[in-house]
């Protein structure tokens, strides 16, 4: 009977710990889900040539991105689900924006197709690398690099300028400069992720090798050899 009580208490502690770590029903997570939910409306506005509305939706999305991060940090509402959902919401919005603005459908200014393809290919490779590292190398943390963060900023600037260029006149040299700057950052961030990944794999293998060496130092009586 006592063992059953202890087992029940242990399960309750584990459940409480998991819920504390995940904390799915929080205001920051709600704002993140809201940001994902308005992506279809952004795409519809672009294809309907309602670029003023698309600009406002993009601005609101960016505002909620800043707001949910501030709330999570200020009121200690950070969670593992939030850490996964936040970059996913950003990626969904930017991917939808790049595709909808790169496909010609009568708009005055488009994102160059070569830039959109290169950007989407880079994102696909990064996600594939993260999946492979998690499945086969046990690497669970895949933090962004400084180049990756700058690339995201350039993506936001590119989308914003193209949206505005379909509302007001923007000099062509400004747009071309933005496109080529985005291209440079996509390439730089790709190499940066490859370098960071190789370091992470090497560190993980060294950690496993160190653990294996320590295990061989334990003799048959359970005492560490000196």
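Would you check which residues across region 100-112 are exposed (fewer than 13 other Cβ atoms within 10 Å of the Cβ) and either in contact with a strand residue (DSSP E or B) (Cβ under 6 Å, 6 or more places away or on another chain) or modelled with pLDDT of 95 or more (or both) and list them? Talk me through it step by step, then tell me what you get.
In the first step, residues of region 100-112 are kept if they are exposed (fewer than 13 other Cβ atoms within 10 Å of the Cβ); the result is 104-106, 108.
The answer is none; no residue qualifies.
Would you confirm, using the coordinates I've provided, whether residue 97 is modelled with pLDDT of 95 or more, under 16 Å from the mean Cα position of the chain (by Cα) and crowded, with 17+ Cβ neighbours inside 10 Å? Please lay out each step first, then the result.
Values: modelled with pLDDT of 95 or more: yes; under 16 Å from the mean Cα position of the chain (by Cα): yes; crowded, with 17+ Cβ neighbours inside 10 Å: yes.
Spelling it out, residue 97 is indeed modelled with pLDDT of 95 or more, under 16 Å from the mean Cα position of the chain (by Cα) and crowded, with 17+ Cβ neighbours inside 10 Å.
For the structure I just gave you, tell me whether residue 67 is over 23 Å from residue 189 (Cα atoms) and either in the same structural domain as residue 189 (by TED's automatic domain parsing) or in contact with a helix residue (DSSP H, G or I) (Cβ under 8 Å, 6 or more places away or on another chain) (or both). Even if it seems obvious, please write down each step before you answer.
Details: over 23 Å from residue 189 (Cα atoms): yes; either in the same structural domain as residue 189 (by TED's automatic domain parsing) or in contact with a helix residue (DSSP H, G or I) (Cβ under 8 Å, 6 or more places away or on another chain) (or both): yes.
In short, yes.
Rundown of residues vs (1) modelled with pLDDT under 55; (2) closer than 30 Å to residue 144 by Cβ; (3) outside any helix (DSSP H, G or I), yes/no style:
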position: 184; (1), (2), (3): no, yes, no
position: 189; (1), (2), (3): no, yes, no
position: 194; (1), (2), (3): no, yes, no
position: 197; (1), (2), (3): no, yes, no
position: 202; (1), (2), (3): no, yes, no
position: 209; (1), (2), (3): no, yes, no
position: 213; (1), (2), (3): yes, no, no
position: 220; (1), (2), (3): yes, no, yes
position: 226; (1), (2), (3): yes, no, yes
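Is it fair to say residue 85 is in contact with a helix residue (DSSP H, G or I) (Cβ under 6 Å, 6 or more places away or on another chain), more than 29 Å from residue 112 (Cβ to Cβ) and either surrounded by 15 or more Cβ atoms within 10 Å (Cβ to Cβ) or in contact (Cβ under 8 Å) with a residue 60 or more places away in the chain (or both)?
Numbers: in contact with a helix residue (DSSP H, G or I) (Cβ under 6 Å, 6 or more places away or on another chain): yes; more than 29 Å from residue 112 (Cβ to Cβ): yes; either surrounded by 15 or more Cβ atoms within 10 Å (Cβ to Cβ) or in contact (Cβ under 8 Å) with a residue 60 or more places away in the chain (or both): yes.
Taking the combined requirement at face value, the residue satisfies it.
Yes or no, residue by residue, for (1) out of contact with any strand residue (DSSP E or B) (no Cβ under 7 Å at 6 or more places or on another chain); (2) surrounded by 12 or more Cβ atoms within 10 Å (Cβ to Cβ); (3) modelled with pLDDT under 75; (4) not assigned by TED's automatic domain parsing to the domain that holds residue 197:
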| residue | (1), (2), (3), (4) |
| --- | --- |
| 125 | yes, yes, no, no |
| 131 | yes, no, no, no |
| 142 | yes, yes, yes, no |
| 156 | yes, yes, no, no |
| 161 | yes, yes, no, no |
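The values are calculated or read from the model by the stated rules, or taken from the named source; none is laboratory data. Every value quoted in this text rests on a predicted model; they were computed, and no experiment measured them. Neighbour counts run over all protein chains shown; Cβ positions are idealised from the backbone, glycine included.
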